[in-house]
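Have a look at the structure below, then the notes.
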Amino acid sequence: MPELSCAELVELVTDFLEGTLDPGTRDRFYSHLAMCEGCGPYVDQMRMTVRTLGDLPEESVPAEVRDALLAAFREGETR
Amino acid sequence: MGIEAGEGEQPFPPDSELVARLRGRDETAFVLMVGSWSGGLLRLARHFVSTNDSAAEVVQDTWLAVIHGLDSFEGRSSLKTWVCRILVNTAKRRGVREGRTIPWSSLPVAQDQGPTVDPARFLGPESEDPGHWRVFPQPWPMPSPEQEAVAKETRAVVEEALTHLPDRQRIVITLRDVEGYNAEEVCSILELSAANQRVLLHRARAFVRGRLEEYFAGAKAAADGG
Ligand SMILES: [Zn+2]
């Protein structure tokens, strides 16, 4: 099996993080990472991107909507 | 009594308990669920419809459907996934009425193909090591938790990047990475194949990474420049 190039590796990062690479490709992925100074940071940056996405602030629903929903839930009670 | 946002210290009950309490018309359980999940549902609804008002209505309609459909919940998915699927179906119908349809079944389309990193970043076929980085990606000065101002700016860059994604990519990355559903749940919510879900997620993440890279490079240039 030929070695992966950096250009190939960057397209496999999500499959790598998802654990869906086949065993042969996963081995090639790891051996490339072990000797490449550019791809390690790239994979880390994809991880940091995911982490930052997980830190986005919560949105909130207007209080009137929430109160109307609670009223609807209460009504369900009396049916 | 109004509904307080449900985030906070109190532990969220497991599905079995939550469903039993909701079926028993326990208002505290309902308030907790609506408070905890509505923010994520609203963020998601916005990707399917044209206005914020319309998105808020989709969320409201979803909860009404949940109230009336609780008895039909069979527990084949988590309650949260079930609620999310109702939201997506409600939002899709609403989107269609507003002339916004998202072509879920047709894949791949042009925007879902091709390299996710600019080919110019790699050495060409004439070189000794084709496909190798010309210049390595530069490390990012990720803000520590104490640097709240910088962290806030970084999140703003990510929020902005999301607005530039094609609809399907934005919806998939929102569900996976912002809202934290797993791959299987996202496939079930959107009726996507596992492979398509991964393609959309990969392209979306690579795009957002690229925006962060530009932001950090710009911040570094500004700092170096004085
Ligand atoms: Zn490499």
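The values are calculated or read from the model by the stated rules, or taken from the named source; none is laboratory data. Everything numeric in this text was worked out from a predicted model, so none of it was measured. Glycine gets a Cβ as well: all are built from the backbone with ideal geometry, and neighbour counts include every protein chain shown. What goes into the accessible areas is simple: the full protein's heavy atoms, side chains included, and nothing from ligands, DNA or RNA. Shrake-Rupley method; radii C 1.70, N 1.55, O 1.52, S 1.80 Å.
Summarising the label geometry, the points placed 7 Å from Cα in the beta-carbon direction at B:R134 and B:A65 lie 4.9 nm from one another. For the options B:G180, B:G35, B:G131, a Gaussian network treatment of chain B with springs between C-alpha atoms closer than 10 Å singles out B:G131 as fluctuating the most. For the protein assembly as shown, taking a cut-off of 4.7 Å between Cβ atoms, the unpaired cysteines are A:C6, B:C84, B:C187. Helical content alone sets the calculated 222 nm signal of the protein assembly as shown at -19000 deg cm²/dmol, taking -39,500 (n - 2.57) per DSSP H segment of four or more residues and averaging over every residue. As a fraction of the 1.4 Å probe accessible area of the stretch B:1-144, surface on carbon and sulfur atoms comes out at 52 percent. Extents of the stretch A:6-77, largest first, come to 63, 23, 15 Å (Cα atoms, principal axes, whole angstrom). Can you tell me the accessible area per residue over chain B, all protein chains present, probe 1.4 angstrom, in square angstrom? Accessible surface, normalised per residue, equals 49 Å². What residues of the stretch B:197-226 lie in the reach of a label at B:E160, counting those whose backbone N is under 13 Å from a point 7 Å from the Cα along Cα→Cβ? So the set is B:211-219. For the chain pair A and B, the interface hides roughly 4600 square angstrom of accessible area in total, found with a 1.4 Å probe. Here each label is just a point 7 Å from Cα along the line to Cβ, and for B:T28 and B:A195 those points are 5.0 nm apart. Counted residue by residue at 0.36 nm each, then reduced by the alpha carbon distance between them, the extension gain from A:M1 to A:E64 reaches 16.5 nm. How would you classify the stretch B:110-224 from its alpha-carbon gyration tensor, with a ≥ b ≥ c the square roots of the eigenvalues: rounded for a/c under 1.5, else prolate if a/b is greater than b/c, otherwise oblate? Oblate, since a/c reaches 1.5 and b/c is not below a/b.
A dipole drawn for chain B from +1 and -1 charges on Cβ atoms has a positive end, and of B:V59, B:S38, B:G95 the residue lying farthest that way is B:G95.
Would you mind calculating the relative contact order of chain B from Cα pairs under 8 angstrom and at least 6 residues apart, reporting the percent as a whole number?
18 percent
Per residue, the convex hull around the alpha carbon atoms of the protein assembly as shown comes to 174 Å³. Based on Cα contacts under 8 Å between residues 6+ apart, chain A shows a relative contact order of 30 percent.
Here A:R26 and B:E214 are evaluated by their C-beta separation; at R0 = 30 Å the FRET efficiency comes out at 0.50. Extension gain for the segment B:V96 to B:A149, taken as residue separation times 0.36 nm less the Cα-Cα distance, is 15.1 nm to one decimal.
Helices in chain B that qualify as membrane-span-like (whole DSSP H runs, Cα extent of at least 15 Å along the helix axis, mean Kyte-Doolittle hydropathy of -0.5 or higher) are B:27-45, B:52-69, B:79-97, B:148-163, B:194-224.
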